Structures are given as structure tokens and as C-alpha cells.
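The values are calculated or read from the model by the stated rules, or taken from the named source; none is laboratory data. Predicted, not measured: the structure shown is a model, and the values here were computed from it. Here the Cβ positions follow ideal geometry from the backbone for every residue, glycine too, while neighbour counts run over all protein chains shown. Heads up: the accessible areas ignore ligands, DNA and RNA and are worked out on the full protein's heavy atoms, side chains in. Shrake-Rupley method; radii C 1.70, N 1.55, O 1.52, S 1.80 Å.
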Amino acid sequence: MDLIRYVDEVSSLRLLIMIEDVYLPSDRPALLAVKAALHEPHLAIFNSWKGTDCCHNWYGVSCDQETHRVADINLRGESEDAIFERAHRTGFISPEICKLSRLSSITIADWKGITAQIPKCITRLPFLRILDLIGNKISGQIPAGIGRLKRLTV
């Protein structure tokens with residue numbers, strides 16, 4: 001009887017893993033859209049953004065260990081390292097970032113050449129705690145609904 005119960009549990013676990021692989025939304029397309037909107041030709045920081053698993057070894061991307069969803073994007077542009085002095089980073093914040101519904105932290109700071117507005121949809125990220133875009137050329141108004149983000153501290 002114990003063997004049958006064990007086989008049932010293993011089969012159920014395999015089915016659950018297969019269902020998660022098929023039905024869990026992938027954050028990869030949204031991250032690739034974010035990458036396409038940001039241009040950093042000298043340091044090649046986006047070279048690690050390849051493969052299907054954006055939760056492993058993608059520079060500046062961290063995922064929640066339980067949900068395996070993107071939780072943090074940390075693409076800080078300044079550093080004491082001399083190599084950063086020659087980097088010319090430009091672009092804009094893609095609205096596709098809002099499809100990363102489990103984001104708690106967005107840091108795309110000190111790129112100097114990031115322009116345009118903060119996407120209005122940013123106000124629909126309920127887990128957002130940190131939105132750090134300092135040191136860029138962001139224009140326009142802060143999205144009106146930003147005050148609804150109860151967890152936002154920075």
C-alpha cells in the first residue's frame with residue numbers, strides 16, 4: 001500500500017511540474033522588450049540575457065524563489081569601475097515592464113540617457129517597493145495613480 005501511495009505522489013508531483021511549465025506565465029518576453037528599449041553597446045550587460053530561464057544568470061534580474069517570477073531588476077549605471085566611464089546608455093522604460101506583475105524593485109538608475117515618461121501602467125504593479133530611475137532624463141508627469149502603490153517606499 002505504501003508503494004502505491006508513493007507512486008501516486010510522484011505521479012501527482014510530475015503532473016504538477018508539467019502543468020506549471022505549461023501554464024505559468026513566462027516573464028521572459030517582457031524582459032526582452034525591456035532589453036530592446038534600453039541600449040548599452042559598450043559593456044554588453046545584456047549578453048547574459050539569453051536562454052529560456054530568465055531567473056538564472058541574467059545580469060541584474062532576480063526572481064522570487066517560490067514563484068520563479070521576476071521580482072527585481074537592478075541595472076544601476078554608475079560604478080567606481082573605469083570601464084563604466086565610456087559606456088553610453090540610452091533608451092526608455094518599455095511599458096512591457098508592467099507585465100512583470102511580481103516586480104518589487106525596479107532600478108534603472110544613472111544611465112544618463114534614459115528619456116521619455118515613466119509608463120502609466122507602473123501603477124498596476126502591486127508588489128512594487130522601489131522605483132529608482134534617478135540620474136536619467138525622464139520627462140513628463142509622475143503617473144497619477146502612483147499613490148495607490150501601498151508598498152512603494154523609494
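Consider residue 27 carefully, then state whether it is in contact with a Leu (Cβ under 6 Å, 6 or more places away or on another chain) and either modelled with pLDDT under 90 or open to solvent by less than 80 Å² (accessible area, probe 1.4 Å) (or both).
Yes: the conditions hold for residue 27.
Being loosely packed, with under 10 Cβ neighbours inside 10 Å and at pLDDT 50 or above is the requirement here; does residue 81 meet it?
yes
With 63, 54 as the choices, which residue is of a type in the set (A, V, I, L, M, F, W, C) and either under 15 Å from residue 35 (Cα atoms) or touching a helix residue (DSSP H, G or I) at 6+ places or on another chain (Cβ under 7 Å) (or both)?
From the options 63, 54, the qualifying one is 54.
Could you go through segment 33-49 and let me know if any residue there is closer than 28 Å to residue 117 by Cα, of a type in the set (D, E, K, R) and at pLDDT below 90.
Yes; the residues of segment 33-49 include at least one that is closer than 28 Å to residue 117 by Cα, of a type in the set (D, E, K, R) and at pLDDT below 90.
Go through (1) modelled with pLDDT under 90; (2) open to solvent by 50 Å² or more (accessible area, probe 1.4 Å) and name the single condition residue 96 misses.
Unmet for residue 96, out of (1) modelled with pLDDT under 90; (2) open to solvent by 50 Å² or more (accessible area, probe 1.4 Å): (1).
Could you list all residues from segment 101-135 that are under 15 Å from residue 74 (Cα atoms), open to solvent by 10 Å² or more (accessible area, probe 1.4 Å) and assigned to a loop (DSSP other than H, G, I, E, B)?
102, 104, 110, 129, 133, 134, 135
So the check is Cβ under 7 Å with 6+ separation or different chains; which pairs have a first residue in segment 46-71 that's free of Cβ contacts under 8 Å to residues at least 60 places away in the same chain and closer than 21 Å to residue 125 by Cβ and a second one that's open to solvent by 50 Å² or more (accessible area, probe 1.4 Å) and not in a loop (DSSP other than H, G, I, E, B)?
Between residues of segment 46-71 that are free of Cβ contacts under 8 Å to residues at least 60 places away in the same chain and closer than 21 Å to residue 125 by Cβ and residues that are open to solvent by 50 Å² or more (accessible area, probe 1.4 Å) and not in a loop (DSSP other than H, G, I, E, B), the close pairs are 49/35; 54/28; 60/74; 71/62.
Inside segment 113-142, can you point out the residues that are at pLDDT below 95 and of a type in the set (D, E, K, R)?
Residue satisfying the conditions is 137 alone.
Inspect all residues belonging to segment 16-24 and state whether any of them is part of a loop (DSSP other than H, G, I, E, B), at pLDDT 60 or above and not aromatic (Phe, Trp, Tyr).
Checked segment 16-24: no residue is part of a loop (DSSP other than H, G, I, E, B), at pLDDT 60 or above and not aromatic (Phe, Trp, Tyr).
Mind listing whichever residues of segment 46-73 are part of a helix (DSSP H, G or I) and open to solvent by less than 30 Å² (accessible area, probe 1.4 Å)?
46
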